1. Which value results for Rg/Rh of the range 61-162 when Rg is the Cα radius of gyration and Rh the Kirkwood radius based on the inverse mean 1/r?
2. State the volume of the convex hull built on the alpha-carbon positions of the range 1-140, expressed per residue in Å³ and rounded to an integer.
3. Filter the GluC sites (Glu not before Pro) in the range 20-122 to those in DSSP coil with at most 16 other Cβ atoms within 10 Å of their Cβ, and list the result.
4. Please compute the Kirkwood hydrodynamic radius over the range 34-74, one decimal place, Å, based on all pairs of different Cα atoms.
5. Please compute the Kirkwood hydrodynamic radius over the range 92-145, one decimal place, Å, based on all pairs of different Cα atoms.
6. Kindly put 110, 65 in sequence by how many other C-beta atoms sit within 10 Å of each C-beta, fewest to most.
7. Tell me which lysines have Cα within less than 28 Å of residue 8's Cα, excluding those fewer than 8 residues away on the same chain?
8. Give me the distance between the Cα centres of the range 5-42 and the range 123-146, rounded to whole Å.
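Bear in mind that the values in this text are calculations on the coordinates, not laboratory data. Since the model is a prediction, treat every value here as computed from it, not as a measurement. We place every Cβ from the backbone using ideal geometry, glycine too, and count neighbours over all the protein chains shown.
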Amino acid sequence: MLARLNLKPATLRRLMNLWPPYLAAGIVVEEIRADYRYVRVALKDRVANRNYFGTHFGGSLFAMTDPFYALMLFHQLGREYVVWDKAGKIDFEQPGRGTVRCEFHLDDATIAEITGAAADGNKVLRWLPIEIKDGNGELVARVEKQVYVRKKPQRTPVTRVE
């Protein structure tokens, strides 16, 4: 529904920061660039997102990576394409403590590769990497998100015969 509104990045950022799952988990969208090619997200350390050992709950770490690549691609490719998250995986490197951050980047080569592969209407599945780092820049987790992209079929206008 929000996709139909064609929201400005600053408005989308504010709405996402008020979204109950992010708000409750301490996930903050810090920046969405005007061209939708860069996003930065933080996860603040709160009692509600700590596990038994006092470190960030793995589900909160994973949640902070969703759904940004799909949103970014949607805004890059436009309404002629279907874009959604298909899969994800996470590898934990060390316990996350304090505020952790991740950044999402889309470059011209990735966008060109995806649009080229989707040009004939076939589905494209593409894995995109994310690194979650702590305040010292040390790697906490590696995440990969798989996006699904497909060009929508051309609609044939209906002719009325009377």
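1. So for the range 61-162, dividing Rg by the Kirkwood Rh gives 1.16.
2. Convex hull of Cα atoms, per residue: 113 Å³.
3. Passing both the DSSP loop test and the Cβ count: 80, 93.
4. 11.7
5. 13.1
6. Ordered by Cβ neighbours within 10 Å, fewest first: 110, 65.
7. 44, 86, 123, 133, 145, 151, 152
8. Value for the Cα centre distance between the two parts: 17 Å.
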